[in-house]
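The values are calculated or read from the model by the stated rules, or taken from the named source; none is laboratory data. Fair warning: this is a prediction, and the values are worked out from it, not measured in the lab. Don't worry about glycine lacking a Cβ; one is built from the backbone with ideal geometry, like all the others, and counts go over all protein chains shown.
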Amino acid sequence: AQKITQTQPGMFVQEKEAVTLDCTYDTSDQSYGLFWYKQPSSGEMIFLIYQGSYDEQNATEGRYSLNFQKARKSANLVISASQLGDSAMYFCAMREGSNTDKLIFGTGTRLQVFP
Amino acid sequence: GAVVSQHPSWVICKSGTSVKIECRSLDFQATTMFWYRQFPKQSLMLMATSNEGSKATYEQGVEKDKFLINHASLTLSTLTVTSAHPEDSSFYICSARVPGGTGSLNEKLFFGSGTQLSVL
């Protein structure tokens, strides 16, 4: 079974609008971490935001926020006020347990921001 | 600025040759680094965990004799693709965690810029 599922292969959003990228996960661990990374065409992986399984507040980092629905096992990324430079691949990832840095990645969502 | 440096950014080699990719942590010591592989339009797949001073831990299905990992110092891990073949052509990327951070920073796993390998 897929550990991390990103059901949107591609998304379009107009500049200055908000967009939500979906991510659901599957784990039996009580302690886990959820990450979002941005990968532009250059290939580098840019850390965006992190949510711990015990964090009660939804994580926010500037224009990025993570809508963490623990019961539904979802960790959607919300990008507010989209910019043209946000066009990239976005990957959701999970770290299972608290004693590892191994990440399991989803298949990614390609976001295209248009003027 | 970049905290994990990966070199080279891209390499083209002939089939049968070996290629070495370096992953360096800048200004911090990384006892553990991770090597991922990404095929075009696909996700990152963990290949192995590189442990300083000991053998790497390989994920299931990854040939340890094919992908040699050496983590000889606290700031350098190398991945050598031995006797490369066209099917080894892929994007290889490493990651490491900056120790000592707090909160969200503690969870930041920094990635190198990746290496695009093309085997002719």
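Key figures
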| item | result |
| --- | --- |
| Unmet requirement for A:SER42, which otherwise passes all of (1) surrounded by fewer than 19 Cβ atoms within 10 Å (Cβ to Cβ); (2) in contact with an Asp or Glu (Cβ under 7 Å, 6 or more places away or on another chain) | (2) |
| Search result, residues across the stretch A:69-96 that are among the charged types (D, E, K, R) and assigned to a loop (DSSP other than H, G, I, E, B) | A:LYS70, A:ARG72, A:LYS73 |
| Condition met for B:GLU107 (within 14 Å of chain A (Cβ to nearest Cβ), crowded, with 16+ Cβ neighbours inside 10 Å, in contact with a Phe, Trp or Tyr (Cβ under 7 Å, 6 or more places away or on another chain) and modelled with pLDDT under 95) | yes |
| Every residue from the stretch A:14-49 that is under 27 Å from B:HIS7 (Cβ atoms), of a type outside the set (A, V, I, L, M) and within 13 Å of the chain's Cα centre (by Cα) | A:PHE35, A:TRP36, A:TYR37, A:LYS38, A:GLN39, A:PHE47 |
| Candidate set from the stretch A:90-109 (those that are more than 9 Å from chain B (Cβ to nearest Cβ) and within 15 Å of A:THR7 (Cβ to Cβ)); member that is surrounded by the fewest Cβ atoms within 10 Å (Cβ to Cβ) | A:THR109 |
